[in-house]
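One structure is given here, and the rest of the page talks about it.
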Amino acid sequence: MDTPAKSNVVEKYSEDSGKRQLTGFWFLVTRLAAVSMALFHLYTAVTGPVNTQNAIHLLFALPLIFLAYSCRSRDANRIPWYDLAPIVLGVVVSAYYVIHFDRIIYQLGYLMPTTLDIVFGISAILLLLESCRRAIGLAFPVLVLIALAYAAFGQHLPGVWGHGGFRWDDLVATFYLSPTGVYGSLMRTSSTVIVIFIMFGALLVTTGGGDTFMRLSNAATGGMAGGPAKAATLCSAMFGSISGSTAANVATTGVFTIPMMKKNGYSPRFAAATEASASTGGQILPPIMGAAAFVMADVISTSYLEIIGAALIPALLFYLAIWMSVHFEAKRLGLNPIPKSERPTLRQGLFNIETLVIPLAVLITLLVMRYTPTTAAVAAYFTAMALYLFSWRSPGSFVDRLKSLPAALEAGAMTAAMIAVIIGSVAIIASVISLTGLGLKVSSVILVVSGGDVLITLLLAMVVAIILGMGLPTVAAYMLAASVVAGAFIEAGLPNLSAHLFILYFAILSGVTPPVALAAYIGGAIAGSHWFRTALTATKISLGGFLIPFMFIYHPPLLGDGTALQIAMAVGSGVLGIIALAASTIGYFLRPCSWLERGLLLAAALMLISGQAITDVAGIALIGGLFAWQLLRHRDAVGAPARPTPDKEPAR
């Protein structure tokens, strides 16, 4: 059951921060529209997509956003008359595309746009900008406007940044009608794959998956040092993998985990930073990951199964980095485990776990059997629904469970609608970058500055990805960064998959990187800590995540590319490097570290990045030497007789 604190935080800080609280007629209209969208996509996932799938997807999404999100705060509980125009127009612009689909696509009508095409094209662009502003804030629409301005007026810029110029009607036709525009391949991915996975995640969460994750995490880790922080790490990893939203993950799980960590003795800042870091990593954790993984599969023309296979080891290393950071912090502070009376037993933690495990097993099995991601997700969805409805251990009666399904359908459709308008806007930016050659220009600059050096190229790309991702949802952050810097990686000779995973990591890590750091901002608000200090601490905890992309670039076996022995050796050196890095940043290994010891641990971690045998051996030897040194000092400290303490003076 939601607490008032939870409801307030989710409402204020999640990606649904402008969402209306409707009642009565408009509540029913919104729910009916959302459920209709969900049922349409479930139906087409089973029977196969229709030719106009992309346009119908956005036909549902645009009106839903204008129904659910207010233009102004005073309209939070009502739909004013002036909002009816964008609701209706949101239907019309996509319905027009559906009606004229044959002319536009099969007769190449996008090359010869009519006046009405241009009118509806401009309307679609404006609607996408406003829908994004309402749903995720002003930053992203401003980026789209900058891209549009560059396409329209970039011919007046001097030097390499200028382009040949385009007519307005050609630009609008490209964005609205062409196969690379709003209704193009990116929207196809959203309308056929992403929407089903989002609905699957929403079903698991709405039917009690979050509570199950929390119980299981506390049962598994509560008896360890720093148990609450480890429970937060484990819970946020599981929840984040199916939720697909860093902000929603922090806001939903943080209201439980952050107070628990504070009660155990962690500082408010460290508790908030731990939750922010763990929630951020959920979108790189298989088997579901976030929506960006499906977009990546489309962009680099590879299978989703190959992406999650490559992402598994780096994601586990990312969570090992967070786990060891909270472990060393607990040891440094001398924190105790959660009292046995306050944590669930393992049996209680595993109660009803089959409603989560079996659907995920179905999903993974079908993916391994080379079924399409859509087919696998649909099968997992209906498996989860059947288990929830018919399991005697599910909460409530059968009728109560049946009544809760529309809420799950609505939650999935609303998230899918948000992703759809983001992807539609991203398609505009991607079209501008492609038309103007901006991506090639930025890549050329990066290569010139780096002089062809791979490490400098990676560092420059990291900075660009973090800057472009600040304050943006993962899909938008990844697509922007990939459009701009992926070309530099390809020119540097890096494999496509590892280059795009590198970009995805830093697009996600922008959520904890100052000066924006949305995940840290939400966590800090829940914990009552300053957001900037929380972001700095989250960056420190997530520092392993900043090194892991460099590790898998230099250690391809970390992406599963190699023999079993090569993979095992790469994983072993990666684990040691991550542990050394966490010990260095926290300042504790077997005992508190001096600044010299911290510096040597950091050097050892960096040595284990390059993938060369000599540096790996040197790094391992350095870690082993420090381990032995601290072990001896620890034994000496334990064996030394306690110093007598003088008697306290009597109080005067």
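The numbers here are math on the coordinates, done by the rules we state, and not lab data. Remember, predicted model here, so these are calculated numbers, not experimental data. With ideal geometry, Cβ positions are generated from the backbone for all residues, glycine too; neighbour counts draw on all protein chains shown.
So which trypsin sites (Lys or Arg not before Pro) in the range 74-133 pass both tests, a DSSP loop state and at most 15 other Cβ atoms within 10 Å of the Cβ? If you can, show how the numbers build up before the last one.
Working: sites: R74, R78, R103, R133; in loops: R78.
Sparse-neighbourhood loop trypsin sites (Lys or Arg not before Pro): R78.
Note on the range 573-640 and the range 187-244: Cα centroid distance 33 Å, given to the nearest whole angstrom. Computed FRET efficiency, Cβ-Cβ of F627 and T345, R0 25 Å: what is it to the nearest 0.05? It comes to 0.10. Taking label points 7 Å from Cα along the Cα-to-Cβ direction, D211 and D102 give a separation of 5.3 nm. Here r is the Cβ-Cβ distance between T180 and R635 and R0 is 60 Å; the resulting FRET efficiency, rounded to 0.05, is 0.35.
Model label sites at V142 and A76, defined 7 Å from Cα along the beta-carbon direction, differ in position by 2.3 nm.
Couplings 3J(HN,Hα) of the range 332-341, computed from phi: 4, 8, x, 7, 9, x, 5, x, 4, 5 Hz, in residue order, whole Hz [Karplus 6.51 cos²θ - 1.76 cosθ + 1.60, θ = phi - 60°; x for Gly and Pro].
Test of understanding: ordering S267, S279 by Cβ neighbours within 10 Å, fewest first, what list do you get?
S267, S279
Beyond 39 Å, what percent of the Cα pairs of the chain remain? Result for the distance tail: 33 percent.
Please report the relative contact order for the range 563-635, taking Cα pairs under 8 Å with a sequence separation of at least 6, and give it as a percent rounded to a whole number.
Once divided by the residue count of the range 563-635, the mean separation gives 32 percent.
Lys-Lys pairs in the chain that are eight or more residues apart or on separate chains and whose Cα atoms lie under 18 Å of each other come to 13.
A Förster distance of 25 Å, applied to the separation of the beta-carbon atoms of F27 and A95, puts the FRET efficiency at 0.55. All other residues whose Cβ lies under 13 angstrom from that of L335 are scored, Lys and Arg at +1 and Asp and Glu at -1, for a net of +4. Over the range 321-400, the fraction of Cα-Cα pairs per 5 Å bin, rounded to whole percents and listed from the shortest bin up, is 3, 13, 14, 11, 12, 12, 12, 11, 8, 3, 0. Taking the centroid of alpha carbons for each part, the range 125-140 and the range 362-378 are 34 Å apart. Cα convex hull, the range 151-275: 171 Å³ per residue, rounded to a whole number. Sorting W161, W531 from the fewest to the most surrounding beta carbons within 10 angstrom yields W161, W531.
One compactness figure for the range 563-635 is 1.10, namely its Cα radius of gyration divided by 2.2 N^0.38 Å. Extension gain for the segment L126 to L596, taken as residue separation times 0.36 nm less the Cα-Cα distance, is 163.5 nm to one decimal. What does the charge count near A38 come to, summing +1 for each Lys or Arg and -1 for each Asp or Glu among other residues with Cβ under 11 Å from its Cβ? So the surrounding residues net to 0. Please compute the modelled spin-label separation between A386 and V449, points set 7 Å along Cα→Cβ, answer in nm with one decimal. In this crude spin-label approximation the distance works out to 5.5 nm.
In this structure, the amide hydrogen of Y588, modeled 1.01 Å from its nitrogen in the peptide plane, lies closer than 5 angstrom to those of C593, counting only residues at least 5 positions away or on a different chain. Near T174: Cβ cut-off under 12 Å, other residues only, Lys/Arg at +1 and Asp/Glu at -1. The net charge is -2. Quick one: plug the Kirkwood hydrodynamic radius of the range 230-294 (C-alpha pairs) into Stokes-Einstein at 4 °C, 1.567 mPa s, and report D in µm²/s. It comes out at roughly 113 µm²/s. Taking other C-beta atoms within 10 Å as the exposure proxy, L333, L543, L518, L435 rank L333, L435, L543, L518 from fewest upward.
The sum of -39500 (n - 2.57) across all DSSP H runs of n ≥ 4, divided by the residue count of the chain, sets its helix-only mean residue ellipticity at 222 nm to -23500 deg cm²/dmol.
Each of A291, S450, I579 was placed along the dipole of the chain (beta-carbon charges, centred on the mean Cα), and the one lying farthest toward the positive end is I579.
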